[in-house]
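See below for the structure under consideration.
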Amino acid sequence: MIDIVPTPSVAAPPSVAAIFGGFFSVGIIGFGGVLPLARRMIVEERRWMSGAEFTDMLALCQFLPGGNVINLSAAVGLRFRGWRGALAGLAGLMCAPCAVVIALGLFYARFEGEPAVRHGFAGLAAAAGGLIVAMALKVALPLRRDLPAAGLAALTLVAIAVLRVPMLATMAVMAPLGIAMAWRRGR
């Protein structure tokens, strides 16, 4: 469900332990589709960042190589507590899911021929896809008031999803355009 209520003011910077605990809770609860949960934890529940700050940091993390949420956990930790915060964010996010992946891998290797197991994993994939769509809508919602940024986002979507332009080539063109557009507006 998309939350259109304005975000309360940003809270005090979190401690290293709070960064670890926040990302641990995201990692253990949101296995497979943690970006919406990370946003909720960072912006809505703990108020470490505003929605706009989160979107800006997520955009940077999407541009960097690697998993978006992994990059985000390190970037949030780094922003507030330096390298210790970055390590805490990464460790918090990764320790529980790593254990779950190992257990699921062993389970799947043993029972992969069973129809119920195949159907169960297909259902998990569908749920993860739904979470990605919900997160995309939540991140895109602020763009409804910013038509140039919405246009750039739509153009990027068309280039990648419809025209199948490689992501690196698309980002090489769209990222400088987005930076220039934000720079001109004095953001």
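222 nm [θ] for the chain, helices only, -39500 (n - 2.57) per DSSP H run of 4+, per residue, to 500?
-24000 deg cm²/dmol
Would you mind calculating the gained length between Ser15 and Ala127 on full extension (0.36 nm times residue separation, minus the Cα-Cα distance), in nm to one decimal?
Numbers: separation 112, 0.36 × 112 = 40.32 nm, distance 3.26 nm.
Extra length from Ser15 to Ala127 when fully extended: 37.1 nm.
Step through the residues of segment 174-186 one at a time and calculate ³J(HN,Hα) from phi using the Karplus curve (6.51 cos²θ - 1.76 cosθ + 1.60, θ = phi - 60°), rounding each to whole Hz and writing x for Gly and Pro.
Listing the rounded values in order: 6, 4, x, 5, x, 5, 4, 5, 5, 4, 4, 8, x Hz.
Expressed in nm², what is the orientationally averaged projection area of the convex hull enclosing the Cα positions of the chain?
12.4
So what is the relative contact order of segment 68-153, in percent, for Cα pairs below 8 Å that sit 6 or more residues apart?
Reported as a whole number, the value is 13 percent.
Could you compute how fast segment 88-170 diffuses translationally, taking Rh as the Kirkwood radius over C-alpha pairs and applying Stokes-Einstein at 10 °C with viscosity 1.306 mPa s? Give it in µm² per second.
For the chosen part, D equals 97 µm²/s.
Quick one: length gained pulling Ser50 to Leu64 fully straight, 0.36 nm per residue minus the C-alpha distance?
Gain in length upon complete extension: 2.9 nm.
After finding the eigenvalues of the alpha carbon gyration tensor for segment 146-187, what semi-axes result from the square roots of 5 times each, listed largest first in whole Å? Provide the component values of the computation, followed by the final result.
On the way: eigenvalues 83, 28, 4 Å².
The equivalent ellipsoid of segment 146-187 has semi-axes of 20, 12, 4 Å.
What are the ³J(HN,Hα) values, in whole Hz, obtained from phi via the Karplus relation 6.51 cos²θ - 1.76 cosθ + 1.60 with θ = phi - 60°, for each residue of segment 126-132 in sequence order, with x given for Gly and Pro?
Running phi through 6.51 cos²θ - 1.76 cosθ + 1.60 with θ = phi - 60° gives 5, 5, 4, x, x, 5, 5 Hz.
Got a sec to turn the phi values of segment 134-142 into Karplus ³J(HN,Hα) couplings, 6.51 cos²θ - 1.76 cosθ + 1.60 with θ = phi - 60°, whole Hz, x for Gly and Pro?
With coefficients 6.51, -1.76 and 1.60, one gets 4, 5, 4, 5, 5, 6, 7, 3, x Hz.
So what is the relative contact order of the chain, in percent, for Cα pairs below 8 Å that sit 6 or more residues apart?
Computed value for the chain: 23 percent relative contact order.
No value in this document is a laboratory result; all are computed from the given coordinates. The structure displayed is predicted, hence computed values, not measured ones.
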